[in-house]
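Attaching a single structure in structure tokens format; questions to follow.
No lab work stands behind these numbers, since they all come straight from the coordinates. Keep in mind that this is a model prediction, so the values were computed, not measured. Because the Cβ atoms are built from the backbone with ideal geometry, glycine has one as well, and the counts that use them run over all protein chains shown.
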Amino acid sequence: MSDCCPSDKPAAKPRPDYLFWCSGITVVIGYLLFWLMADRVDMPEWLSIMSEGIFELVNKMWLGLVAAVVFVGLLERIPRELVMSALGEGGSTKGIFRATLAGVVLDLCSHGILMVGAKLYERGASIGQLMAFLIASPWNSLSLTIIMVSLIGWQWTLMFIALSMLIGMATGILFDGLVAGGKLPPNPHKLETCASDQQSLCSGIIGLIKTAEYSPRALGSLLIDGIRDSRMVFRWLLFGIVLAVLIRATVPLDFYQNYFGPTVAGLMLTLLAATIIEVCSEGSTPIAADLLTRAAAPGNGFTFLMAGVATDYTEIMVLKDVTKSWKIALFLPLITLPQVLLIGWILNVASSG
């Protein structure tokens with residue numbers, strides 16, 4: 001049939017997002033169960049553990065996720081040229097450094113940062129900038145940095161932050177190099193700009209502030225846009241919560257904390273645990289601190305924090321959806337994990353000596 005001739009065939013209805021709705025309903029039911037029936041002694045133990053885990057994770061994550069929705073809504077209103085002016089040119093060391101620094105500065109959890117990272121990619125950030133931003137972000141926020149200092153001291157905290165930034169930059173440079181070499185697909189949203197026509201960052205921000213609408217209606221529109229654009233992340237986040245509490249209900253958490261000494265075996269067990277246990281940055285921070293203080297294994301603590309980012313199945317699936325490439329998503333652990341394990345081993349050896 002010719003394109004100019006209308007078709008009587010009705011458009012196919014979009015398929016329901018079963019993963020989103022099933023995971024979301026499970027999380028809502030589990031949260032309400034613990035909130036309303038936490039004192040019930042006749043509740044099965046597995047159900048009690050799952051509902052408590054859902055209640056704990058949601059309460060830890062909601063503020064960071066709300067902040068992420070706001071950031072995503074704001075990014076929707078910022079011109080792509082201005083976003084790229086702030087991040088710098090993709091494929092350059094300076095651009096990678098700016099993206100890494102932005103990841104450290106933003107006070108968002110590991111799942112909240114995914115929403116912002118996806119929007120940055122849509123606004124033209126390179127693959128390398130996206131990876132540097134995601135790797136440097138999750139537990140380097142201001143709030144978690146303060147918590148880390150109280151748990152392990154400022155020396156270890158600053159070292160962990162510096163090492164995570166190093167891995168973020170190295171990974172970003174490698175990703176952009178693979179794109180330049182044709183091994184990975186480039187960002188189709190990339191803007192071709194030169195130094196002479198880049199917007200002034202300060203003047204652009206001032207202009208946006210002056211022209212912005214400040215009203216309840218504008219705020220509501222911003223939140224609606226942020227929620228709509230973040231749905232892809234929410235579906236995997238909700239699934240991750242369900243999977244995490246299932247593991248908690250079947251495998252005691254203290255099992256992981258009792259077998260992680262500063263050895264190669266302990267380091268590999270830490271990697272395995274970080275891969276299996278789906279916890280947000282708020283949840284991983286005290287576990288990593290415990291590995292450092294009780295198991296005397298700083299490398300294991302660092303590996304738990306960083307490997308959680310590199311092997312997080314929520315992050316990998318979101319990256320696949322955002323970039324439309326399984327290759328890019330799977331290259332994240334392939335490139336990042338060797339760096340994490342090497343630094344973790346060095347930290348364990350240095351502390352043991």
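Show the residues, 5+ positions off or on another chain, whose built amide H is closer than 5 Å to the amide H of N187.
I127
With a 10 Å radius around each residue's Cβ, average the other Cβ atoms per peptide and rank 182-188, 284-290, 333-339, 213-219, highest first.
Packing proxy ranking, top to bottom: 284-290, 333-339, 182-188, 213-219.
Ranked from highest to lowest mean number of other Cβ atoms within 10 Å per residue, what is the order of the peptides 31-40, 148-157?
Going by the mean number of other Cβ atoms within 10 Å, highest first, we get 148-157, 31-40.
Cut-off 16 Å, label point 7 angstrom out along Cα-to-Cβ of T250: give me the residues of the range 27-67 whose amide nitrogen falls inside.
Within reach of a label on T250: 45-51.
Measure off 7 Å from each Cα along the Cα-to-Cβ vector at I161 and M268, then give the distance between these two points in nanometres to one decimal.
3.5 nm
Provide the FRET efficiency to the nearest 0.05 for the W46-K94 pair, computing r from the beta carbons and using R0 = 41 Å.
Efficiency at R0 = 41 Å is approximately 0.20.
Further question on the same structure: Can you work out the FRET efficiency for the pair T211 and L36, with r the C-beta to C-beta distance and R0 = 41 Å, to the nearest 0.05?
Efficiency at R0 = 41 Å is approximately 0.30.
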